[in-house]
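The values are calculated or read from the model by the stated rules, or taken from the named source; none is laboratory data. Just so it is clear, the structure is predicted and the values come from calculations on it, not from any experiment. All Cβ positions, glycine included, derive from the backbone under ideal geometry; neighbour counts span all protein chains shown. We work out accessible area using only protein heavy atoms, side chains counted, and drop any ligands, DNA or RNA first. Shrake-Rupley method; radii C 1.70, N 1.55, O 1.52, S 1.80 Å.
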Amino acid sequence: MFAVLKTGGKQYRVQSGDVLRVEKLAAEAGETVQFNDILMIGSTVGAPLVEGAGVQATVIEQIKGEKVIHYVKRRRKHSSQRRKGHRQQLTLLRVTDLLESGADKSDVKAAIGAGSVSGAAIVASDGRYAKNKTDQAEMNRRVTEGKANEKVAETTDAADTPKKKPANLLSESRDGKGDDLTKIGGVGPKLKQKLNDNGVYHFDQIAAWTPEEVEYMDDQLSFKGRITRDGWIDQATQFAAEQE
């Protein structure tokens, strides 16, 4: 007997004992997962899915596919070319059981894509994961009614850092002339203009920012940690001292 399952936007024809590679699943090596989107199993054809059917498999390991080289060169455009490689993340698993019925009542973890935000990310108030389609639907209902909590990523210390708007932002530069902020590493004319638009004209402004104010400016300018990573505070302090 064989079955046709759907996962990761692809369809696979499988039999018990088959080893296959699928788009990366949220599962560890050694875990047993169950595919619930079954298009066909045995002589039963779904419309579009076969109710109550499932395919169970054991995860062997998380792997990467062969490197694919993507190369683009545009005609009549000198030096306009790009070459980059990519290795798709995959899950290697072995099919163990084909269930024509009763899969919706099994206690096996549903095979969910690693990047999915489906019902598998929802847990009951006792911390239990929703393991199959019936369980997932029930958890979705309970979350909607406020009877269960959705599992969220753990917050980091950086995420907990309070953000504070700098008190030294200006509506215009002092004496009608701002400092040459392009002296700071990584700051070009466009970035300088962006800083000016947000009230930053002088080195001493940047040098005086606290960590909380740096977090605020990172968000305002969409820098994603660039101020700290590129050492703006130290550079601005040095340039401000040279002007005195």
*asked:* It is to be established whether one or more residues within the range 198-220 are open to solvent by 20 Å² or more (accessible area, probe 1.4 Å), more than 23 Å from Lys163 (Cα to Cα) and not aliphatic (A, V, I, L, M).
replied: no
_Breaking point among (1) over 16 Å from Lys109 (Cα atoms); (2) open to solvent by 70 Å² or more (accessible area, probe 1.4 Å), for Ser80_ = (2)
*Please specify each residue of the range 208-217 satisfying the condition of being in contact with a helix residue (DSSP H, G or I) (Cβ under 6 Å, 6 or more places away or on another chain) and either acidic (Asp, Glu) or closer than 14 Å to Gly185 by Cα (or both).*
none
*Could you tell me whether the range 8-15 includes any residue that is in contact with a Phe, Trp or Tyr (Cβ under 7 Å, 6 or more places away or on another chain), basic (Lys, Arg) and either open to solvent by 50 Å² or more (accessible area, probe 1.4 Å) or within 14 Å of Ala111 (Cα to Cα) (or both)?*
yes
*Going through the range 87-112 one residue at a time, which ones are assigned to a loop (DSSP other than H, G, I, E, B) and buried (at least 17 other Cβ atoms within 10 Å of the Cβ)?*
Ser106, Val108, Ala111, Ile112
*Out of the range 229-240, which residues are at pLDDT 85 or above, part of a helix (DSSP H, G or I) and either open to solvent by 60 Å² or more (accessible area, probe 1.4 Å) or not aliphatic (A, V, I, L, M) (or both)?*
Trp232, Asp234, Gln235, Thr237, Gln238, Phe239
